[in-house]
Amino acid sequence: MKHLITGVKPTGSSIHLGNLMGAVLPFGRLAEGNDAAIFIADLHALTSVKNGDLLRKQTHEVALNYLAAYGADTDIAIFRQSDVALIPKLNWILASVTPYSLMLRAHSFKDAEGKGAEINMATFTYPILMAADILAYDIDVVPVGKDQIQHLEMARDIARAFNKAYGQDVFKEPSAHVEKSVETLPGTDGRKMSKSYDNFLGVFDDEKTLKKKIGQIVTGSEGLDDPKPLDNNVYALAKVFATPERLSEMRGKFERGTGYGYGHAKADLLEILLDSLAPIRERYSALKDDSAFVEEKLRAGARKMNARIEAKMEVVSKLVGA
Ligand code: ADP
Ligand code: TRP
């Protein structure tokens, strides 16, 4: 059994289809038979979100998304980063062994700088807090997106720097896991589905919104009765969500073409999505108005992780003398 953790910043809205297929469900599969936790990195979000009510709301929404995806009785510990009070202490201890030159190499603050964003000190030292999130719990594997690989390398460097400074193997070096089996889902404009392109279909969008967004999917200009190439954006999404029977039916209709235009295919796609997403959407609706339940789940997750970090920090504090 392996210890897994991942974190997600509560900076946006609900998850979209790309997040679901590329990150949320793969993490659920990896979690099976292992000890897995997922946390909402609200402290990390402070670098950019400057509104407490908004941050609390977005944090709650992420928790709700994950509970809907994994089920209310999931074994995955879901918790809020800020509910683990020893994390900032560990962050400081790790900062005290982290070379400035290591932080200077981080892509993340340079990217933010490139985009003209404010670079505060937390943006600069962000990878140290991320190392604390992982090293605190003796994690083996951290499932992340490609953009986080460098942060994982830094977490390993920081673990090594601490172990070397104190002459003991206190922190385990975690490895990154990047999901390779999942293809990139296209958004309505054919580019990668992404929050930042505003081309996404939300997993929890209401039916009317989904219908409208599907209507905006960019397609070819073949006529109603022409055969249609299968590399179109409607088929690309159907491929991921349709049952095999439904998909081969759509494929046949596209290949024949006759009387099957992109409008028809879009109506089929809406049905396919609603069917495939029904269980997760139903769980979401059931939990949406039960914020007390969601909060209790977050507290239970935090209790488990607090017990873990407390044990670890006993060793660390003894060693560092503070
Ligand atoms: P966004 O581009 O919308 O900001 P994120 O970068 O927050 O998405 O994505 C979080 C994770 O969701 C990524 O690491 C990746 O695994 C997955 N993901 C995001 N978009 C897609 C997509 N279009 N297709 C497949 N997976 C995706
Ligand atoms: N930096 C991650 C991101 O922006 C979020 C994160 C914070 C994280 N702490 C983590 C991910 C620890 C994995 C492990 O997506």
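The values are calculated or read from the model by the stated rules, or taken from the named source; none is laboratory data. Predicted, not measured: the structure shown is a model, and the values here were computed from it. FYI the Cβ positions are ideal-geometry reconstructions off the backbone, even for glycines, and counts take in every protein chain you see. Ligands, DNA and RNA are excluded from the accessible area calculation, which covers all protein heavy atoms including side chains. Shrake-Rupley method; radii C 1.70, N 1.55, O 1.52, S 1.80 Å.
Here are some notes:
- Subset of segment 192-203 that is open to solvent by 30 Å² or more (accessible area, probe 1.4 Å) and not in a helix (DSSP H, G or I) - its residue that is nearest to ligand 1 (Cβ to nearest atom): LYS192
- Within segment 99-132, the only residue that satisfies the criterion of being within 16 Å of ligand 1 (Cβ to nearest atom) and closer than 22 Å to ILE76 by Cβ is MET130.
- Of note, TYR260 satisfies the criterion of being touching a helix residue (DSSP H, G or I) at 6+ places or on another chain (Cβ under 7 Å), open to solvent by less than 40 Å² (accessible area, probe 1.4 Å) and not in a helix (DSSP H, G or I).
- Boolean, VAL142 is under 16 Å from the mean Cα position of the chain (by Cα), within 27 Å of LYS312 (Cα to Cα) and within 16 Å of ligand 1 (Cβ to nearest atom): yes
- Of all residues in segment 158-193, those being modelled with pLDDT under 95 and among the polar types (S, T, N, Q) number 2.
- Residue that is farthest from ligand 1 (Cβ to nearest atom) [pool: residues in segment 13-30 that are part of a helix (DSSP H, G or I), over 13 Å from VAL178 (Cα atoms) and of a type in the set (Gly, Ala, Ser)]: GLY28
- Test: residue in segment 87-98 that is within 14 Å of ligand 1 (Cβ to nearest atom), aliphatic (A, V, I, L, M) and crowded, with 16+ Cβ neighbours inside 10 Å: no
- Exclusive hit being outside any helix (DSSP H, G or I), in contact with a strand residue (DSSP E or B) (Cβ under 8 Å, 6 or more places away or on another chain) and exposed (fewer than 15 other Cβ atoms within 10 Å of the Cβ), set THR184, THR209: THR184
- Matching residues, segment 1-45, being of a type in the set (Lys, Arg) and crowded, with 18+ Cβ neighbours inside 10 Å: LYS9
- The sole residue among MET103, MET130 that is of a type outside the set (Lys, Arg), assigned to a helix (DSSP H, G or I) and more than 12 Å from ligand 2 (Cβ to nearest atom) is MET103.
- Which listed residue is within 15 Å of LEU224 (Cα to Cα), surrounded by 14 or more Cβ atoms within 10 Å (Cβ to Cβ) and among the basic types (Lys, Arg), from LYS266, LYS239: LYS266
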